[in-house]
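Student: This is the structure I have questions about; it appears just below.
The values are calculated or read from the model by the stated rules, or taken from the named source; none is laboratory data. This structure is a prediction, so every number in the text was calculated from the model and none was measured. A quick note on method: Cβ atoms are made from the backbone with ideal geometry, for glycine too, and the neighbour counts reach across all protein chains shown.
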Amino acid sequence: MRPGLKRILYVVVALGIVLWGVQFSLRAAPAHPKAPPEMPDVLGAFGSDAPVTSADEWLSRRAPILRGAFERLIYGAQPETVSPILTSRRVIDDAAFKGIAVIEEWTLDVPLRAGPIRFHALMIMPRQAKAPLPVVIATNFCGNRAALAGRYRDVDRPAWTPGRCRTPIQQWAAETLHGADIIAPPFATLAKAGYAVLTFFPGEIVEDDPRLSQATLEALAADMDESAPKAGALAAWAWGYSRAIDAVSADKRLDSSRIALWGHSRFGKAALLAAAFDERAALVVANQSGTFGATLSQTTRGESIRAITRKFPHWFSPALPERMARREDLPLDQHLLIALIAPRPILLGGARMDRWSDPANAFAAAEAANPVYALFDRQGLAQTSPSRTDFSGDIATFMRPGGHGVRPRDWRETIAFLDAHF
């Protein structure tokens, strides 16, 4: 690239960053939810199902009904598949990050009727920590080679990546806009804290593209009952988290009772969905997950149901028409998804300038799930506002300065929450 053209490109990117910051500063996220949000009573009657009065009734009766409703009305069903086959596991670096960790690359094949889905995962394990290790399953946004900053050229690079990932300049712009940790988790920091990390790129399972994703979603549908609602990408990515749990649970070096799921934004939605449907996830962190993640969809002051389904139709089941923006057509809200994770710990991350994901109404959703945690004699949300973080409860939220993205504060809070509950 010619020097003059390169300078112009950097000026355009810098101007974009400034404008991005200005527009978020003009619409900072409210500190409190709309008052009071109307939502279905988490323990009350749901359709023809009578009110719930015990943990046994919740687990045996209400939870299956709610999972079915979320599948039917919003996300679609996940394929019924066997565990993935670990076709290869090789050491990439046995003394990574100045000797504190080992990096392995895993290749996983999930058998399907239409042919196996193959995806790759990186396992980063601290060298000095005592096995079996607690493990964080964290998605990444640009593929595993990019997650390692391109230092290892023999690490697999996915066939498809989003536009923000395709060149070093685009990756630099993504990190400048959305934080130094947007491309990948801080592996060295987690290893020093004693946690193993398994990371994978969900775009290997289903492309985050409304056109390209259709063939992959059809292949997944072939492994479902014909009457099941077709999966959207969020359900497929949640299914990917569960296949990663399969792989982690089979490794004796890792503690299958201490598996945490971590996801940001769209992958925060998928992480919550995975934890709601897969009880092997012992803890979940959803960072700025927004509408159809942790935030109440019916009362949000951020991204509306209409906006998200128009921009990302492939994320959802085709059974989610726009008319469901009305309360009578969508008898669910996200506090019920959060409640399905009870009594396991949940951390919800927010940012003061991120109105689009509306952290105040994520707090309201978490608060509304408290009665289900009480059924299990557990403390749900112990804090009184989104920013008064209290890890003594099994649900916690935090609010940091800045906008939508992944920054060191997000991971500091995550590690503190993991330490408190693991």
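Student: Just the residues that are surrounded by fewer than 20 Cβ atoms within 10 Å (Cβ to Cβ) and touching a helix residue (DSSP H, G or I) at 6+ places or on another chain (Cβ under 6 Å), please, taken from region 186-227.
Tutor: Ala188, Ala193, Pro210
Student: With the structure loaded, tell me whether Ala342 is small (Gly, Ala, Ser), modelled with pLDDT of 95 or more and within 24 Å of Ala369 (Cα to Cα) or whether it fails that test.
Tutor: yes
Student: Continuing with the same structure: Does any residue of region 375-385 turn out to be closer than 22 Å to His178 by Cα and either among the aromatic types (Phe, Trp, Tyr) or crowded, with 24+ Cβ neighbours inside 10 Å (or both)?
Tutor: no
Student: When you go through Asp41, Asp94, Asp109 one by one, which is the residue that is charged (D, E, K, R) and more than 28 Å from Ser242 (Cα to Cα)?
Tutor: Exactly one residue qualifies, and that residue is Asp41.
Conditions (1) farther than 14 Å from Gln78 by Cα; (2) at pLDDT 95 or above, marked per residue:
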residue	(1), (2)
Arg243	no, yes
Ala286	yes, yes
Gly293	yes, yes
Phe316	no, yes
Arg327	yes, no
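Student: Now for a different question. Test of understanding: among Gly143, Gly150, which residue is at positive phi, out of contact with any Leu (no Cβ under 9 Å at 6 or more places or on another chain) and at pLDDT 95 or above?
Tutor: None of the other options fit; the residue is Gly143.
Student: Can you confirm whether region 48-58 contains a residue that is surrounded by fewer than 19 Cβ atoms within 10 Å (Cβ to Cβ), part of a loop (DSSP other than H, G, I, E, B) and among the aliphatic types (A, V, I, L, M)?
Tutor: Looking for residues that are surrounded by fewer than 19 Cβ atoms within 10 Å (Cβ to Cβ), part of a loop (DSSP other than H, G, I, E, B) and among the aliphatic types (A, V, I, L, M), one finds at least one in region 48-58, hence yes.
Student: Of all residues in region 197-231, how many are under 23 Å from Thr309 (Cβ atoms), assigned to a loop (DSSP other than H, G, I, E, B), in contact with a Phe, Trp or Tyr (Cβ under 9 Å, 6 or more places away or on another chain) and of a type outside the set (D, E, K, R)?
Tutor: Here the count works out to 6.
Student: While we're looking at this one, here's another question. Is it the case that some residue within region 20-29 is under 26 Å from the mean Cα position of the chain (by Cα) and at pLDDT 55 or above? Break it down into steps so the answer makes sense when it comes.
Tutor: In the first step, residues of region 20-29 are kept if they are under 26 Å from the mean Cα position of the chain (by Cα); the result is 20-21, 23-25, 27-29.
Now restrict to residues that are at pLDDT 55 or above: 28-29.
Yes.
Student: Is there a residue being at negative phi and either in a helix (DSSP H, G or I) or among the aromatic types (Phe, Trp, Tyr) (or both) anywhere in region 179-188?
Tutor: Yes - at least one qualifying residue is present in region 179-188.
Student: Okay, next question. If a residue has to be more than 19 Å from the chain's Cα centre (by Cα) and among the acidic types (Asp, Glu) to count, how many in region 365-422 make the cut?
Tutor: Selection size over region 365-422: 4.
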